[in-house]
């Protein structure tokens, strides 16, 4: 039985995602499709538009057979860790034959070449990278420069020009695709990778120019209360489920409420404490400390901290680490163990057999009910499974406070919500 995996956030699920899902089955000949999806907070460093259960239901309604939650400790970090965590979980499921991801280039070979170079020449590239970072360049620009310099010095290692390299590295989905390939190569995984060309508007495009709009543009409309205007860019199933969620007052996430919670939590920290968190050093701690006492909203805070060296998404992720009290030592501790479980959020009613198949094959515990593993969260635990799962549950407890309808703000919903079957 061929089974294909997709890594996504569905923030929200739009027609481009539907094309990706359908194309993944077509090009791999798979009858089973498994999605690994971020939980209630996404990789760009902010709350998801819709909660993880609603997004799981939408994914199943549009053709996914099983939805797995990507643990928070991978979901709110840079592309390298996001990709590594997701690929490790898919690999350890032992039922995934292939993976299909989108990219701006739409060609797998150039992406594979770059991934191999990043792995094989890690030490040489790291030296150039650190020099560029010391010059004040943002990480994506510094890495691009390091690769370009290496290519110019070793043109025989690549089958394409420096110009094409820069074009590839300048697109976010290409970068993520390279990280997927790096992780697959590093694991010596048997999962076979495919890429499809991303259609429609650019990743960050805010205007509705094409039939397939960006998730960014759609989110903007939903936050403005204009879901009807976004209807043409959403599958019908997505539109119906989103409409109901908005009517019930559980969508979209209340960003004003989130701003107050985040800013109040960070204002409790002094500069010495800020340095305990990953990537907060070299003066960034001073910028955060100064601006968090000036800003009244999350976006304003990010804008005031942002510089040429510190990108918007990096700052948002840094602030989420502070918010969740995820220190550098916590990431380092959990990274040495890797993913500890496969958390199931939803399954197709017609494919309940997948749960038994996964439990029989996977080399990680398959969690449907977290209560079987812990009764209360313990982020300080030395058990990596308990520690990681605690952060996932904490994320849900906090996200529930972002529902506009107070009736739905109960905590511990991971213990009370049944498995989504659709």
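The values are calculated or read from the model by the stated rules, or taken from the named source; none is laboratory data. Since this is a predicted model, take the numbers as computed values, not measurements. No Cβ is skipped: glycine too gets one built from the backbone with ideal geometry, and neighbour counts run over all protein chains shown.
Check every one of the helices (runs of 4 or more DSSP H) wholly within region 233-284 and list those with 2 or more residues that are in contact with a strand residue (DSSP E or B) (Cβ under 9 Å, 6 or more places away or on another chain). In region 233-284, 255-266 are the helices (runs of 4 or more DSSP H) which contain 2 or more residues that are in contact with a strand residue (DSSP E or B) (Cβ under 9 Å, 6 or more places away or on another chain). You will find that of 288, 344, 263, 315, the residue that is at pLDDT 95 or above, surrounded by 14 or more Cβ atoms within 10 Å (Cβ to Cβ) and in the same structural domain as residue 75 (by TED's automatic domain parsing) is 344 and no other. With respect to the conditions (1) in contact with a strand residue (DSSP E or B) (Cβ under 9 Å, 6 or more places away or on another chain); (2) modelled with pLDDT of 95 or more, residue 1 falls short on a single one, namely (2). Taken together, the residues in region 337-365 that are more than 18 Å from residue 59 (Cβ to Cβ) and touching a residue at least 24 places away in the same chain (Cβ under 8 Å) amount to 11.
Residue by residue, here is whether (1) over 11 Å from the mean Cα position of the chain (by Cα); (2) outside any helix (DSSP H, G or I); (3) within 15 Å of residue 388 (Cβ to Cβ) holds:
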{"residue": "50", "(1), (2), (3)": "yes, yes, no"}
{"residue": "55", "(1), (2), (3)": "yes, no, no"}
{"residue": "58", "(1), (2), (3)": "yes, no, no"}
{"residue": "92", "(1), (2), (3)": "yes, no, yes"}
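Against the list (1) more than 10 Å from the chain's Cα centre (by Cα); (2) at pLDDT 95 or above; (3) surrounded by fewer than 23 Cβ atoms within 10 Å (Cβ to Cβ), the condition residue 81 fails is (1). Counting only helices (runs of 4 or more DSSP H) that sit wholly inside region 102-183, those with at least 3 residues that are closer than 30 Å to residue 25 by Cα are 108-120, 162-169. Just to be sure, is residue 357 more than 29 Å from residue 254 (Cα to Cα) and surrounded by 15 or more Cβ atoms within 10 Å (Cβ to Cβ)? The answer is yes for residue 357. Screening residue 228 against (1) in contact (Cβ under 8 Å) with a residue 12 or more places away in the chain; (2) loosely packed, with under 14 Cβ neighbours inside 10 Å; (3) in a helix (DSSP H, G or I) leaves a single unmet condition, (1).
Taking each residue of region 408-422 that is farther than 12 Å from residue 393 by Cα and looking for partners that are modelled with pLDDT of 95 or more and part of a loop (DSSP other than H, G, I, E, B) with beta-carbon atoms closer than 6 Å, six or more apart or interchain, yields 408/250; 409/403; 419/368. Could you list, in sequence order, all residues of region 109-123 that are under 19 Å from residue 140 (Cβ atoms) and touching a residue at least 24 places away in the same chain (Cβ under 8 Å)? Result: 110, 111, 113, 114, 115, 117, 118, 119, 121. When we screen 16, 63 for residues that are on the phi > 0 side of the Ramachandran plot and either surrounded by fewer than 23 Cβ atoms within 10 Å (Cβ to Cβ) or in a loop (DSSP other than H, G, I, E, B) (or both), the only hit is 63. With respect to the conditions (1) modelled with pLDDT of 95 or more; (2) under 21 Å from the mean Cα position of the chain (by Cα), residue 175 lacks only one, and its number is (1).
Looking at 196, 175, just one residue is buried (at least 18 other Cβ atoms within 10 Å of the Cβ) and within 30 Å of residue 232 (Cβ to Cβ), and that residue is 175.
Listed here are the residues, each with its yes/no results for (1) assigned by TED's automatic domain parsing to the domain that holds residue 380; (2) modelled with pLDDT under 85; (3) under 26 Å from residue 364 (Cβ atoms).
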{"position": "72", "(1), (2), (3)": "yes, no, yes"}
{"position": "85", "(1), (2), (3)": "yes, no, yes"}
{"position": "91", "(1), (2), (3)": "yes, no, yes"}
{"position": "100", "(1), (2), (3)": "yes, no, yes"}
{"position": "125", "(1), (2), (3)": "no, no, no"}
{"position": "132", "(1), (2), (3)": "no, no, no"}
{"position": "138", "(1), (2), (3)": "no, yes, no"}
